[in-house]
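Heads up, the thing below is written out as structure tokens.
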Amino acid sequence: MANKKLDIIPLYEWGMFTDPRPSVVAGPCSAESEEQLMETAKGLKEMGINVFRAGIWKPRTHPGCFEGVGAPGLEWMEKVRSEYGLKISTEVASEKHVRECIRHGVDLVWIGARTTANPFLVQEIADALKGTDIPVLVKNPVNQDLDLWIGALERLNSAGIRKLGVIHRGFSTFEKIKYRNDPQWHIAIELRSRYPELPFFVDPSHLGGSKDYIQEISQRSLDLGFEGLMIESHCNPSVALSDAKQQLTPPELSDLLYNKIYVRDADSDSQEWKENIDQLRAKIDIIDENLLYVLGSRMNISRKIGEYKKNNNVAIIQASRWDSVLAKVVDMGKEYDLPEKFISAVFNAIHDASVEVQNEIISGKSSR
Ligand code: PEP
Ligand code: MN
């Protein structure tokens, strides 16, 4: 089904974010106590943050973990707003949450990754928000399903929510990877190219799962042209009741934003060119990473075939098989406008490397 057009109000007309990028939402994973919220908010206000986040209801993987302080935390949030002039935001996962947020004048809400994956809940939230002017940011669903993400945006937009944006926080994965969640940047890039007008945030805290990765993920998302960042910040991360490893103190966040990430200025024509070229290069870097992953996976299978040939006493090279593989890929390459000479060279190099690996296995030089 073709995607519907979305009717979106530009981010800088929401009355809470201002150019130049990045637009930042910061605050603790969870509201824990009035003191923790006020102290964190004070630090963030001092360093120039305008939009404060704190989870009030926390979706936790295991029961028995800290599940948020619930509605009383919204009273503390109101105090954050009145004392420091910060806009306040939290995650909603049900109609009841939305009602509480409306009652306490919450300025922005977001839908969490687990909730975006559930169309019933998204519809319930959209219906409850109908007639309000509250901006909504939709995190990607936990699973790698762009249509499910878009479907959530359509539900909200159909309910009249026009201050609508997204947050990329990566996808759940069973495999052990460097980050807590798998970035799958190409999915975010695809969404951006389908809806260039849609405000786009990245959440380096939940994506990376460690404060050590916040800088590199933030820089990458700016290089890809995304305008916003949602970053977890806690006055004392080491004692945080949730997500302790991925939160920065307000001074650390200040250092990151003002000294460690480079925000490109899109003022002059030449700057615009620079910005575009950097975005394209960032995309190329991601494709290269994917290529390496694919080459590594292919090589692992080659090794398995090598073992199998060894055990069955079969020779490494079956020339006729390779000739037909090569002819097939050369032919398929034409569909992607890839010259025959280039495809032959690439696949012959891949084949040579596989033969070498299998040779090592059969001759007993490799222990793998
Ligand atoms: C959060 O932002 O606190 C949160 C629970 O995030 P996610 O939905 O990305 O897991
Ligand atoms: Mn969190």
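The values are calculated or read from the model by the stated rules, or taken from the named source; none is laboratory data. Predicted model, so just to flag it, every value in this text is computed and none were measured. Positions of Cβ are backbone-derived with ideal geometry, glycine not excepted, and every protein chain shown enters the neighbour counts. Remember, those area values only see protein heavy atoms, side chains included, never the ligands or the DNA or RNA. Shrake-Rupley method; radii C 1.70, N 1.55, O 1.52, S 1.80 Å.
Going by what's in this entry, would Phe52 be described as under 21 Å from the mean Cα position of the chain (by Cα), surrounded by 23 or more Cβ atoms within 10 Å (Cβ to Cβ) and part of a loop (DSSP other than H, G, I, E, B)? No, not satisfied. Residue count for the range 62-114, restricted to those that are open to solvent by less than 10 Å² (accessible area, probe 1.4 Å) and part of a helix (DSSP H, G or I): 7.
Inside the range 164-208, residues that are under 26 Å from Thr18 (Cα atoms), part of a loop (DSSP other than H, G, I, E, B) and open to solvent by 30 Å² or more (accessible area, probe 1.4 Å) make up a count of 2.
I'd like to check something: does the range 337-360 contain any residue that is among the small types (Gly, Ala, Ser) and open to solvent by 100 Å² or more (accessible area, probe 1.4 Å)? Checked against the condition, which is being among the small types (Gly, Ala, Ser) and open to solvent by 100 Å² or more (accessible area, probe 1.4 Å), the range 337-360 yields no hits at all. Within the range 94-126, the set of residues being more than 16 Å from ligand 2 (Cβ to nearest atom), over 20 Å from Arg162 (Cβ atoms) and among the aliphatic types (A, V, I, L, M) comprises Ala117, Leu121.
When Glu216 is tested against (1) of a type in the set (Asp, Glu); (2) more than 12 Å from Val166 (Cβ to Cβ); (3) in contact with a strand residue (DSSP E or B) (Cβ under 6 Å, 6 or more places away or on another chain), exactly one condition is not met: (3).
Among the residues of the range 244-266, write down those that are at pLDDT 95 or above and among the basic types (Lys, Arg). Matches in the range 244-266: Lys245, Lys260. Going through the range 15-49 one residue at a time, which ones are within 16 Å of ligand 1 (Cβ to nearest atom) and open to solvent by 10 Å² or more (accessible area, probe 1.4 Å)? Of everything in the range 15-49, those that are within 16 Å of ligand 1 (Cβ to nearest atom) and open to solvent by 10 Å² or more (accessible area, probe 1.4 Å) turn out to be Val24, Glu32, Gln36. Here Asp288 does not fit the description of being at pLDDT below 90, charged (D, E, K, R), under 24 Å from Pro183 (Cβ atoms) and not assigned by TED's automatic domain parsing to the domain that holds Pro183.
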